[in-house]
Amino acid sequence: MRGASSIDAVAAAVGDEPLDFGGMSSPDGAITLLFSDIEDSTGIEERLGEGRWAGVLRDQDVLVRQLVEHHGGKVVKSEKDGCMCSFASSHAGLRCGIEMQRTFAEQPVPDAGEPLRVRIGLHAGFVIADASDFFGRNVVLAARIAEHARGGEILVSAAIREYTGSDPSFSFESRGEQHFKGLLGEHAVYAVDWSRGDS
């Protein structure tokens with residue numbers, strides 16, 4: 001069982017405050033949420049030292065924001081090495097996640113000799129009358145899916161797979177039904193093959 005993660009910190013920071021998703025819903029009202037953080041960030045910080053790790057985090061934050069903006073998304077919240085982003089399109093959100101993985105895999109951390117291993121999770125939900133409750137559940141589900149991912153992995157919900165599954169540039173592998181803390185029932189999770197060159 002993993003301890004508290006940066007993903008958890010981002011989800012907790014959202015709390016009950018109103019979230020700014022302006023312009024981020026698709027025509028049918030769905031919003032795609034992407035959570036990410038760095039695997040073993042505490043261990044990397046210990047190896048690099050606080051000063052160099054702070055520099056890595058600054059560079060990572062700039063890069064993530066550039067990639068999210070490039071794909072038409074928005075960084076809604078960030079804490080330490082974790083962030084929550086929103087997109088009007090599940091295709092755009094998933095392509096952003098794929099580009100994030102490819103970018104970090106190709107850029108070893110100076111003095112660490114290895115790339116950052118990023119965990120990414122995506123989920124999509126709808127804007128409905130009781131928005132605060134529905135957004136709360138969707139935020140939690142997206143965060144739990146990201147926490148379930150390993151470093152270098154993208155996991156998505158059944159909703160993301162449904163929205164993007166007809167696009168042949170995406171490849172999914174079932175990871176079965178999962179139980180997540182704070183959510184009732186089982187939730188289907190899929191891994192995305194981001195190594196394919198056509199995504």
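The values are calculated or read from the model by the stated rules, or taken from the named source; none is laboratory data. Note that the structure is a prediction, hence the values are computed from the model and not measured. Positions of Cβ are generated from backbone atoms using ideal geometry, with glycine treated the same way; all protein chains shown enter the neighbour counts. What goes into the accessible areas is simple: the full protein's heavy atoms, side chains included, and nothing from ligands, DNA or RNA. Shrake-Rupley method; radii C 1.70, N 1.55, O 1.52, S 1.80 Å.
Between ARG65 and ARG102, the modelled labels are 2.4 nm apart [label points 7 Å from Cα along Cα→Cβ]. Computed from backbone phi, the HN-Hα couplings of the stretch 59-68 come to 5, 5, 5, 4, 5, 4, 4, 5, 5, 4 Hz, rounded to whole numbers (Karplus: 6.51 cos²θ - 1.76 cosθ + 1.60, θ = phi - 60°; Gly and Pro given as x).
Take every DSSP beta bridge whose two residues both sit in the stretch 65-193; close to 80 percent of them are antiparallel.
Over the stretch 39-194, accessible surface divided per residue gives 48 Å², non-protein components excluded, 1.4 Å probe.
Could you tell me which of rounded, prolate or oblate describes the stretch 46-170, using a ≥ b ≥ c as the square roots of the eigenvalues of the alpha-carbon gyration tensor, with rounded for a/c under 1.5 and, failing that, prolate when a/b is larger than b/c and oblate otherwise? Because a/c hits 1.5 or more and a/b exceeds b/c, the stretch 46-170 counts as prolate. A crude spin-label estimate for the pair GLU114 and HIS179, with each label 7 Å from Cα along the Cβ direction, gives 3.2 nm.
Phi angles across the stretch 182-188 convert, under the Karplus curve 6.51 cos²θ - 1.76 cosθ + 1.60 with θ = phi - 60°, into 3J(HN,Hα) values of x, 10, 7, x, 9, 10, 5 Hz, Gly and Pro given as x. Placing pseudo-labels 7 Å out from each Cα toward the beta carbon at ASP167 and GLU50 gives an inter-label distance of 4.2 nm.
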